[in-house]
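The values are calculated or read from the model by the stated rules, or taken from the named source; none is laboratory data. Worth saying up front: this structure is predicted, and the values here are computed from it rather than measured. Virtual Cβ from ideal backbone geometry, glycine too; neighbours counted across all protein chains shown. Accessible surface is based on the protein model in full, side chains and every heavy atom, while ligands, DNA and RNA are left aside. Shrake-Rupley method; radii C 1.70, N 1.55, O 1.52, S 1.80 Å.
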Amino acid sequence: MRTARLGRWVLALLMTTLALATVYPLLFTANAAMKTRREYILDRFSATTTLRGDNIANAWNSAGMAGYFVNSLIVVGGAVILLLLFGSMAGFALSHLKFRGSRTLFLGCLAGLFIPFQVIMVPLVRTMTAVGLIDTYPGLVVAYVAQFLPFTIYLMTSYYSAIPKDIVDAARLDGNSFYGVYRRIMLPIGLPALLSVGVLDALFCWNDVLIALLMMPSAEHRTLMVGVTALRGQYSSDIPTFASGVIIAAVPVLAVYLVFQRRIADAVTAGSTKG
Amino acid sequence: MTPRRAADDRRPLGDRLAAYVLIAPAAVVLVVFRLWPLLLGVDFSFTGDGDQDGTPVGFGNYSELLHDPYFRIALRNVGWLVVLLPVAVAIPGLLATFIFLKVPGHRLYRSVYFFPAVLSPVIVGSIFNLLLSYDGPLNKLLAAVGMAPVDWLGDSKTALFTVVGVHIWATFGMALVVFLAGFATLDPSLLDAARSDGASLVQLIRHVIVPGLSRTIQFVFVTTMIGLLTSMFGLLYVMTSGGPGGSTTLPEYYVWIQQGQMNRPALASAASTVLFLIMLVVGLGQIAILRRSGRED
């Protein structure tokens, strides 16, 4: 009994060490962002004594993070709105309006999950160039919608499948068309799922770098993550400013995580337990 | 099936159209920007680059791939990913087991471990560039225990393992949460029985947890493999650019180099098609698992 209890505390020690190793890298970076260049070169490890905003301001203004931030907001906002709209419409149709080919379409969506972006990126760049969408906001938005729609449809379809048919039938008897049912019943009922999926889609789009690099290559169109990669070359000798840029890019994501922790974890596991 | 079809046809035309109208936007986006490019890409991989743009070259691009040392490194590295896969699955699996067995502090670990999973690979890579620099914190830690410093990203022998290690650091929380969801479906009476029989931790894992969670474990294997094959671009782009000496090149990075830097889109398409075939094998494995577990239910 005693050895078992000892073993539990050894494990707890191990897991606490690991938890520290999980948190430390971000703390180190935040700490570096507070130092002056001189302080960082002399001693990068000691905890900062002052909470200094200079580097953050420098990264935000001179390094252009403010503009990249706005670019990311525009693109992610546009993509998430379209994903939720198209995803919930398709999810409703696939779960409640059985029609010829609906099963095939749903399986097609599942198959879409297995087409990684790297496989379609070369022809996609060609197509986008041909229709004049390359290096435009709508082009990147469409690329994100195409990338994350299969996942969105899959989760919305599973959510709506759990809603009894009677609710749809009752609303139909009240004289609603199917569009009315979608707007007045399915959208409000679906809000919890839309929120979870929306948060996850927003994280995917916000964090992406490959699609943004290919679809919006010019410097003034950089999203925040592409901006961070550019920062590295620009400020290789000014680590505190570089670290500040990284922190600026990480803070919105960490805030979203703190607020929506449970939802994110639930949405991640939804696919695994339904199988 | 037949009665439903009949009911279907009795519905007014507008009602029958509704389903198609609701699904149309999604279908158009997926066909135009996902399925069509996939077909286009495969077709494109059999044509030439540069002067030969649009001319059929048969399997020319594929034979060039096989002779390109960088692509061979990329394939060899896929082999390494397969070798490292069990490690990437075992770490979250073990940690989830400890949390499930209510190690002191178990409530806290879940949310702490998960948080790197929401960070972009770009942010993770940038942070680790600082930590893994030659005079950085990790080497300082090694020095404190009397070990020689390691050139984590600059040595072609260690760079791939370093990047994969960082990838595991960033994503193990995701798999951990999936494992914990699986544990929630485990029959608690089995565990209690095993415990009152005095089973050790290893016996518990071997005889109760692994058989009980076979479906979750398989799911994590597949999703982790997909992650290793398709989610490493950001890390590679920020941390190594595929180097040193091409040693961290993976197929997805090779496609990017040929498309974005070398202006060889047709060759890139051929590499994409090879990556797609690798993914197809993984995906078919997934479907086979789902089929089997579907029968078990």
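Figures for the structure shown
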item	result
Most positive-pole-ward Cα, A:Ala255, A:Ala33, A:Ala93, against dipole of the protein assembly as shown from beta carbon charges	A:Ala93
Relative contact order (percent, whole number), the range B:59-296, Cα cutoff 8 Å, 6+ residue spacing	29 percent
At least 27 Å along the helix axis (C-alpha) and Kyte average at least 0.0, DSSP helices within chain A	A:2-34, A:65-96, A:137-161, A:239-274
The range B:185-257: translational diffusion in µm²/s, Stokes-Einstein, Kirkwood Rh over Cα pairs, 4 °C, 1.567 mPa s	84 µm²/s
Area accessible to solvent at A:Arg8, 1.4 Å probe radius, in Å²	90 Å²
For the range B:59-296, average projected area of the Cα convex hull in nm²	15.9 nm²
Residue-averaged [θ]222 nm for chain A, counting only DSSP H segments that reach four residues, each worth -39500 (n - 2.57)	-25500 deg cm²/dmol
Cα shape, the range B:162-203, gyration tensor, a/c 1.5 rule	oblate
Length-normalised contact order for chain A - Cα pairs under 8 Å, 6+ apart - percent	31 percent
Accessible surface ranking that places the most exposed of B:Ile168, A:Ile264, A:Ile56 first, with a 1.4 angstrom probe	A:Ile56, B:Ile168, A:Ile264
FRET efficiency, 1/(1 + (r/R0)^6) with R0 45 Å, evaluated for B:Gln261 and A:Leu51 via beta carbons	0.60
Placed amide H near B:Gly48: partners under 5 Å, 5+ positions off or other chain	B:Gly54, B:Thr55, B:Val57
Where Cα atoms sit under 29 Å apart: lysine pairs in the protein assembly as shown separated by 8 or more or lying on different chains	6
Loop-resident sites, the range B:79-154, for trypsin sites (Lys or Arg not before Pro), counting at most 16 other Cβ within 10 Å (DSSP)	B:Lys102
Protein-only accessible surface order, largest first, of B:Met147, A:Met15 at 1.4 Å	B:Met147, A:Met15
Whole-angstrom Cα spans of chain A along principal axes, big to small	74, 69, 35
Pairwise label distance in nanometres, B:Val281 with A:Ala230, each label 7 Å out on the Cα-Cβ vector	4.0 nm
